[in-house]
Amino acid sequence: MITLVNRSLFITGAGTGIGLATAQLAHSLGAMVSGTVFSDDQIKNLDGIIPTERCFKLDVTDAVALQTAVAKASTACGGIDGVLASAGIIKLLTSEDTNPDDWARILDVNLNASFNLAKFTIPHLRQRTPASIVMISSQIGLVGHRNAAAYAASKSAINGLARSMALELAGVNIRVNAIAPGPIATGMTAETRANKDKSNALLERIPLGRFGTAKEIANLAAFLISDASSFITGQVVVADGGFTAQ
């Protein structure tokens, strides 16, 4: 049985999608949850899950603000022993249409902020081992996407980052893994799901024949954060309905 009782978790992107589902699940499993959101509306989504003093409205690319939030959360909870880097963005553009600002923003949010979160939490995790870092990658980081070069690059880099940090931190009993979701029914896929032709074409390529849910990815994140996965590190765990098995 998975339990997160007496665990202190820090989640970026906690106000929506996979981050929100994980915050809700972790709270129900007994964890003290802290995290970042991008807007006031997202703060409302976390009512009863994350108290206001541990809910930080910020842009995750602001390294100073992110490090400050981590420190405040650690102080409020007496430490941190679980981390989920869930904040992310996607912008569907061909390589020719990807301008320098698009490229920089996508990599800053998806990759650089994930690295900074891990870096800033390591000193706190060292004090509460065993500990776990989980990063949200993507199926697209494994197989590519014809209109998402920047997104694919950022998620492929997450895979290498997680494996490398896992080797670096194994000796101090901090595990690092990544989750590579396939198409999930969240805001990130809303435009595709709203287009019947695009949605059907995508569903035809998923052996299970449906979109995944944020709760299904949250279940996996909770497992990887918990002691139930204590011998798993340096892995990219794919949850894509069988897409990459083809």
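The values are calculated or read from the model by the stated rules, or taken from the named source; none is laboratory data. All values derive from a computational prediction rather than experimental measurement. Don't worry about glycine lacking a Cβ; one is built from the backbone with ideal geometry, like all the others, and counts go over all protein chains shown. Areas reflect the complete protein model, heavy atoms only, side chains present, ligands, DNA and RNA absent. Shrake-Rupley method; radii C 1.70, N 1.55, O 1.52, S 1.80 Å.
So the values come out like this:
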| item | result |
| --- | --- |
| Value of relative contact order over the chain, rounded to a whole percent, pairs C-alpha under 8 Å and six or more apart | 21 percent |
| Among the listed pairs LYS72/LYS215; LYS44/LYS215; LYS119/LYS155; LYS119/LYS215, those beyond 23 Å (Cα-Cα) | LYS72/LYS215; LYS119/LYS215 |
| Relative contact order of the range 131-234, pairs being alpha-carbon contacts under 8 Å that are 6 or more residues apart, as % | 34 percent |
| Fully extended contour minus Cα-Cα distance, from SER39 to ALA245, at 0.36 nm per residue | 70.4 nm |
| Listed peptides 58-69, 186-197 by packing density, highest first (mean Cβ within 10 Å) | 58-69, 186-197 |
| Solvent-accessible area per residue, Å², over the chain with all protein chains present [probe radius 1.4 Å] | 46 Å² |
| Charge sum, other residues only, whose C-beta stays under 14 Å from ARG128's C-beta, Lys/Arg counted +1 and Asp/Glu -1 | +1 |
| At least 18 Å along the helix axis (C-alpha) and Kyte average at least 1.0, DSSP helices within the chain | 63-77 |
| Estimated 222 nm signal from helices in the chain, with DSSP H stretches of n ≥ 4 weighted -39500 (n - 2.57), rounded to 500 | -12500 deg cm²/dmol |
| Percent carbon-and-sulfur accessible area, the range 4-128, ignoring ligands, DNA and RNA, probe 1.4 Å | 52 percent |
| Distance cut-off 31 Å, percentage of C-alpha pairs in the chain lying past it | 18 percent |
